[in-house]
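**Q** One structure, as structure tokens, below. Some questions next.
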Amino acid sequence: MNNTELVSKSNFIRNIIDEDLRTNKNDGQVITRFPPEPNGYLHIGHAKSICLNFGIAADYPNGRCNLRFDDTNPAKESPEYVKAICEDVRWLGFQWDGEVKFASDYFDRLYAFAIELIRAGKAYVCSLDSEEMREYRGTLTQAGQDSPYRNRSVEENLALFEQMRSGQFADGEHVLRAKIDMASPNLNMRDPAIYRIKKMTHHQTGDKWCIYPMYDFTHCLSDAIEGITHSLCTLEFEDHRPLYDWVLDNVDAGCHPQQIEFARLNLSHTLTSKRKLKRLIDDKIVNGWDDPRLPTVSGLRRRGYTPAAIRNFCDDIGVTRSDGVVDVAMLTHNIRADLETTAPRAMCVLAPLKVVITNYPEDRVEQLSSPVHPEYPDMGTRTLPFSRELYIENDDFMENPPSKYFRLAPGKEVRLRNAYVIRCDQVIRDDQGQLVELHCTYDDKTLGANPVGRKVKGVVHWVSVDHAVPCEVRLYDQLFTLGNPDVDDYTENLNPDSLVTLTGCQAEPGLSSAQPEQRFQFERLGYFCCDRYDSSVDRLVFNRTVTLRDTWAKMQKKAK
């Protein structure tokens, strides 16, 4: 399977797999899986798992990786999430083996495994309510107590479990529990529930079932049914591994995959909890799962991130067993590095200030040529109409500038990018004293040449008034002000400037044909992406992906 050209760095998981291959464990097979729950959109943490599981499968001969939805809770799942997750995996550059799989495909077999445990005296129907179960469970320092229903006979348990399946009991009236050890120091082994009653329609199985297996019971058996050799998961599942192994050791599932844990991705200034991301959406703090301020894969995509940048980022952070926090600047460094070489250049004025070149003929229009990318001539050239009236950035003019100010000011000169040198001669204001326009003169001998006898240090971008294309520009920034926003009330740390929407922006005419998701470097401003949903021929919308400044690269240089 040739998923991507990315070959990941060596890590402890690959060392385990290499040793398994050396000893011919698993008959020399490497079969992984990416098993999301369809209860939300994927985020950057999932991208790490995707790159790891699919990357390992791609890098080993005949390796395979399944995409399986562990869909055990119909109350929180939906086909929308299934569709979005499939699209995200493909967009990242990966393709799963065979058809998309669902744990619900195995519900009949899982039910049979539960019967197998009951017949062996290793599972029982418990009639404690949820509060009583918590009391009986004990604490980290105190052993739990046996349920008064723990010693029901096999026959009684079989009958009750069948009645649970046939819908004769209300939600929560009974659960099926594994009979393990209520005194275990690992709370996950204290007779965990493996089936519960939930009278809800399932997005895959409809109304066939009114009992559903618990995640810990389902996950390991689904791995075994699919013949997974290496079940890779994050460190929070380390305490669940004894239960994973116990279930597989006590039923005839055909094989016993090896669970291996790695550190999850924690990113600064970011939340990677689907529950908390959903709260931001439900509270209308952001505009859906694909809001460009969210760390969801679809949000990053809409913001302008590329699959290559995300894959490279995941490869750079590596795979370890040590938890830590990755600076978000490392992620932005990767997208800058990618777009620096691939994004065509363009000019867009965000806050237009009109400039009239008084010594330029009124009816004259020059078609200036500029490279699409200054370092890659094979990307071609673009045409920039130049005329008497232009727009420059309002911020590129100051009437009373400080020393060493190299942009436009009364009596000062700047170079218009890819064009002429101009001098500001007059400032025009309206009756209320508001700045309206600047009157300037140009040096007609400075197109592609330095002015004679003087140096001009400042360069500003511009567009021709008569040829400019109006557009909307959305300036995105970090959603949170804190490096670690995962506190009790994380909404108190929201960045009020995480989205600034600018209307009335003016772009060079070539951008009129910009396609959704097409990325550009707006010269002097940053990298921008044509919005995949809101942008159209009649209404251009660009999202700022990232600014030009790369703080991560600077930190790396200092570290060296």
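All of the numbers you see were taken from the coordinates with simple rules; none came from a lab. This is a predicted model, so every value here is computed, not measured. Cβ: placed from backbone, ideal geometry, glycine included. Neighbour counts: every protein chain shown.
**Q** Please label the shape of segment 360-410 as rounded, prolate or oblate, based on the square roots a ≥ b ≥ c of the eigenvalues of the alpha-carbon gyration tensor (a/c under 1.5 means rounded; beyond that, a/b larger than b/c means prolate, else oblate). Could you put the intermediate results ahead of the total?
**A** Numbers: a/c = 3.82, a/b = 1.45, b/c = 2.64.
Oblate.
**Q** Here is a follow-up. R0 = 56 Å: FRET efficiency of Thr381 with Glu132, Cβ-based, nearest 0.05? It would help to have the intermediate numbers written out before the result.
**A** Working: r = 76 Å, r/R0 = 1.36.
E(calc), rounded to 0.05, equals 0.15.
**Q** For the pair Asp245/Ile285, report the inter-label distance in nm, with labels modelled 7 Å from Cα in the Cβ direction.
**A** The answer from the label model is 4.0 nm.
**Q** By the gyration tensor of its Cα atoms, with a ≥ b ≥ c the square roots of the eigenvalues, what is the shape of segment 78-168: rounded for a/c under 1.5, prolate for a/b over b/c, or oblate? Let's see the in-between values first.
**A** Numbers: a/c = 2.86, a/b = 1.83, b/c = 1.56.
It is prolate, given that a/c is not under 1.5 and a/b is the larger ratio.
**Q** Based only on other Cβ atoms within 10 Å, what is the fewest-to-most ordering of Arg532, Arg364? If you can, show how the numbers build up before the last one.
**A** Details: Arg532 17, Arg364 9.
Ranking Arg532, Arg364 by Cβ neighbours within 10 Å, fewest first, gives Arg364, Arg532.
**Q** Next question. State the dimensionless ratio Rg/Rh of segment 54-209 (Rg: radius of gyration of Cα atoms; Rh: Kirkwood radius).
**A** Details: Rg = 19.1 Å, Rh = 18.0 Å.
Here Rg/Rh amounts to 1.06.
**Q** A follow-up question, please. Compute the signed sum of charges (Lys and Arg +1, Asp and Glu -1) over the other residues within less than 14 Å, Cβ to Cβ, of His203.
**A** Numbers: positive: Lys76, Lys83, Lys198, Lys208; negative: Glu37, Asp70, Asp71, Glu77, Glu80, Asp105, Asp207.
Charge balance near His203 sits at -3.
**Q** What's the extension gain from Thr201 to Val436 if we count 0.36 nm per residue and subtract their Cα-Cα distance? Don't skip to the answer; put the middle values down first.
**A** Numbers: separation 235, 0.36 × 235 = 84.60 nm, distance 6.32 nm.
Difference between extended and current length: 78.3 nm.
**Q** Identify, among Ile428, Leu447, Asn157, the residue whose Cα sits farthest towards the positive end of the charge dipole of the chain, taking +1 on the Cβ of Lys and Arg and -1 on the Cβ of Asp and Glu, with the dipole about the Cα centre.
**A** Leu447
**Q** Sort the chain into rounded, prolate or oblate with this rule: let a ≥ b ≥ c be the square roots of the eigenvalues of the Cα gyration tensor; rounded if a/c is under 1.5, and if a/c is not under 1.5, prolate when a/b is larger than b/c, oblate otherwise. Let's see the in-between values first.
**A** Numbers: a/c = 3.02, a/b = 2.52, b/c = 1.20.
Note, shape of the chain comes out prolate.
**Q** Let me ask something else. Restricting things to alpha carbons, tell me how big segment 1-139 is in terms of Rg and Dmax, in Å.
**A** Gyration radius and largest Cα-Cα distance of segment 1-139: 19.0, 54 Å.
**Q** When the chain is fully extended, how far beyond the present Cα-Cα distance does Leu140 get from Arg90, taking 0.36 nm per residue of separation? Provide the component values of the computation, followed by the final result.
**A** Numbers: separation 50, 0.36 × 50 = 18.00 nm, distance 4.25 nm.
Residue separation times 0.36 nm, minus the Cα-Cα distance, leaves 13.7 nm.
**Q** Moving on. Between Glu340 and Asp444, what is the spin-label point distance in nm, taking each point 7 Å from the Cα along the Cα→C-beta axis?
**A** Going by the 7 Å Cα→Cβ label model, 4.1 nm.
**Q** Continuing with this model, one more query. What is the extension gain from Ser369 to Arg429, computed as 0.36 nm multiplied by their sequence separation minus the C-alpha to C-alpha distance, in nm to one decimal? Please list the in-between numbers first.
**A** Working: separation 60, 0.36 × 60 = 21.60 nm, distance 3.34 nm.
Value of the extension gain: 18.3 nm.
**Q** Quick one: Asp18, Asp88, Asp327, Asp216, fewest Cβ neighbours within 10 Å first, how do they rank?
**A** Result, fewest neighbours first: Asp18, Asp327, Asp216, Asp88.
**Q** Please report how far the C-alpha centroid of segment 80-108 lies from that of segment 193-232, rounded to the nearest whole angstrom.
**A** 16 Å
**Q** Additional query: Among DSSP beta bridges whose residues both lie in the chain, state the antiparallel percentage, nearest 5.
**A** Working: 55 of 82 bridges.
Antiparallel: roughly 65 percent of the beta bridges in the chain.
**Q** Name all residues of segment 460-482 having a backbone nitrogen under 20 Å from the label point set 7 Å from the Cα of Thr503 along its Cα→Cβ direction, giving them as ranges.
**A** Only 468-476 fall inside the zone, counting backbone N under 20 Å.
**Q** Which value, in debye to the nearest 20, describes the size of the charge dipole of segment 12-262 about its Cα centre when Lys and Arg Cβ atoms bear +1, Asp and Glu Cβ atoms bear -1, and nothing else is charged? All intermediate terms of the calculation are to be shown ahead of the outcome.
**A** Values: 27 positive and 40 negative charges, 22 e Å.
The dipole of segment 12-262 has a size of about 100 debye.
**Q** Would you please give the FRET efficiency between Arg109 and Gln163, computed as 1/(1 + (r/R0)^6) with r the Cβ-Cβ distance and R0 = 35 Å, to the nearest 0.05? Numbers along the way, then the final one.
**A** Numbers: r = 21 Å, r/R0 = 0.60.
The pair Arg109/Gln163 has a calculated efficiency of 0.95.
**Q** Once Rh for segment 350-460 is found with the Kirkwood sum over Cα pairs, what is the Stokes-Einstein diffusion coefficient at 20 °C and 1.002 mPa s, in µm²/s?
**A** Details: Rh = 15.0 Å.
Reported coefficient: 143 µm²/s.
**Q** Quick check: pseudo-label points 7 Å beyond the Cα along Cα→Cβ at Asn188 and Lys404, how many nm apart are they?
**A** It is 5.8 nm.
**Q** Between Glu116 and Asp486, what is the FRET efficiency for a Förster distance of 51 Å, r being their Cβ-Cβ separation, to the nearest 0.05?
**A** Values: r = 41 Å, r/R0 = 0.81.
For R0 = 51 Å, the calculated efficiency reads 0.80.
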